[in-house]
1. Show me 143-153, 48-58 ranked by packing, highest mean number of other Cβ atoms within 10 Å first.
2. Pairs 70/193; 83/171; 169/217: which exceed 24 Å Cα-Cα?
3. Tell me the label-point distance for the pair residue 109, residue 35, using the 7 Å Cα-to-Cβ offset, in nm and rounded to one decimal.
4. Rounded if a/c is under 1.5, else prolate if a/b beats b/c, else oblate: with a ≥ b ≥ c from the C-alpha gyration tensor eigenvalues square-rooted, which is the stretch 105-222?
5. How would you order 78-90, 61-73 from highest to lowest mean count of nearby Cβ atoms within 10 Å?
6. Hey, if you put +1 on the Cβ of every Lys and Arg and -1 on every Asp and Glu Cβ in the chain, which of 113, 40, 19 ends up farthest toward the positive end of that dipole?
7. Please state the relative contact order of the chain as a whole percent: Cα pairs under 8 Å, 6+ residues apart?
8. Might you report the magnitude of the Cβ-based charge dipole of the chain about its Cα centre, with Lys and Arg at +1 and Asp and Glu at -1, to the nearest 20 debye?
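Nothing in this text is a laboratory measurement; each read-out follows from the coordinates by a stated rule. Quick caveat: nothing in here was measured; it's all calculated off a predicted structure. Here the Cβ positions follow ideal geometry from the backbone for every residue, glycine too, while neighbour counts run over all protein chains shown.
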Amino acid sequence: MNFTNPENIKSTTLRMRILFFKDGLHLRTSTDLNSEAENLIRLESISRESAYRNTRIRTNSSFYDDSDMKSEYYLVLVYDTEKNIPLLTARYYFDIDAIRKCLKGDNQSSHIINSLEKFFSGSLFLADRFSANLSSAKYRMFRTYIYALFYREIFRNTENGSFIIMARKEKGDKLLNKYLAIGTEIKGTVMHKGKEHWVLFGDVNKSYKIVKSLYEKQNIFV
């Protein structure tokens with residue numbers, strides 16, 4: 001086995017939509033639905049539920065079923081094809097109304113939105129629901145490679161765009177520093193799901209160059 005670039009760890013992106021029905025029910029589905037996509041959607045659900053089960057942020061059903069998405073969005077997955085388990089997942093979307101709503105936070109404030117107004121276009125996306133499978137031995141063993149695949153999967157599908165991510169404010173701000181290391185800039189903070197979050201803005205091309213250089217130095221090719 002190649003312990004730097006293991007063959008049975010793969011990445012993919014699913015183009016998603018929510019189907020809403022008159023009786024109030026809704027269905028999360030891929031625009032290219034097939035048995036493989038159904039399996040990957042199931043894996044992402046497992047990953048998200050596990051990652052956020054014991055967090056202190058306030059969540060409701062839409063946090064897990066994506067019923068807050070009114071237009072198409074994307075799921076990114078890195079997964080173990082041998083054991084059929086998720087390793088790292090997230091979603092991202094370009095819906096400007098949804099992005100604005102998220103950035104207003106719990107207090108419905110517009111101060112972050114005002115600082116990003118000039119970037120609100122079809123090339124801007126917001127990435128959230130980052131979920132890592134911390135209980136997986138494979139995730140712990142190949143974490144660096146998994147993140148390399150993850151970043152590559154996002155960046156190659158969003159070339160020339162810009163993005164927003166949020167990091168929970170915490171002692172030491174480990175997550176914030178990780179995002180700053182890929183070239184993002186702090187735009188402020190917002191209360192989100194009962195927790196204060198840093199809001200960061202990044203340029204896809206700039207971040208990809210940083211990520212590519214970082215992993216190439218570790219003999220991991222992205």
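1. Highest mean packing first, the order is 143-153, 48-58.
2. Pairs exceeding the cut-off: 83/171; 169/217.
3. Taking the two extended label points, one gets 5.1 nm.
4. It comes out oblate by the Cα gyration axes.
5. Per-residue mean Cβ counts within 10 Å order the peptides as 78-90, 61-73.
6. Result: 113, furthest along the dipole toward the positive end.
7. For the chain, the relative contact order is 20 percent.
8. With only Lys, Arg, Asp and Glu charged at Cβ, the dipole is about 660 debye.
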